[in-house]
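First up is the structure itself, then whatever we jot down about it.
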């Protein structure tokens, strides 16, 4: 790897992390799953793979196509607002009545819970209009401002995304002792509900 390629990878890593490391519905959901140790490998794999695909799409020219498809962003914004609003309601209910001690679910219930987690993770990722604006449009444009090095930039950004989701998902278990108390769960669920509600308002207002 040449110094130019290494520099492009490093720049992509830093730029990618600057976009993804922020309090938002997807990160809040991944952290919650990590603390609960609930289907963490599935959640991390979906989030990381989705980001890699979106970064590749933007680098391959998706940023140009997206600039002429404003209706797609509007559609994602509407769907995302409805989904996030529903999840805010669920989190608020958990904040009021946290269900921490539950019997071990049967096999069928575990499969249903896993399927629900997959659907929720996909929704938090693909119904988020900012993921297209940031990952596809912005990151893709920045990557292509480096002719000949754009794919190395994309590699760095992808590595940063994968590392972040692994850290957030699997590192969440380190907070498990803190959340052994019902009050801590109430605070977390209330915080998640607030993040989701704020996101819903932003989506509805288009800001």
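Each value in this text was obtained by applying a stated rule to the coordinates, not by laboratory testing. The model shown is predicted, which means the values in this text are computed figures rather than measured ones. Backbone-built Cβ (ideal geometry, glycine too); neighbour counts: all protein chains shown.
A few notes on this one:
- Proxy reagent accessibility, fewest Cβ within 10 Å first, across 179, 170: 170, 179
- Chain lengthening between residue 5 and residue 173 when straightened (0.36 nm per residue, less Cα-Cα): 56.9 nm
- Both numbers refer to the Cα atoms of the stretch 105-195; Rg and Dmax are 18.1, 54 Å.
- For 59, 135, the sequence from fewest to most other C-beta atoms within 10 Å is 59, 135.
- The stretch 134-180 - convex hull of alpha carbons, volume per residue in Å³: 68 Å³
- Taking N as the residue count of the stretch 21-61, its C-alpha radius of gyration divided by 2.2 N^0.38 Å amounts to 1.33.
- Residues of the stretch 123-153 with an amide N closer than 12 Å to a point placed 7 Å from the Cα of residue 90 along the Cα-to-Cβ direction: 123-124.
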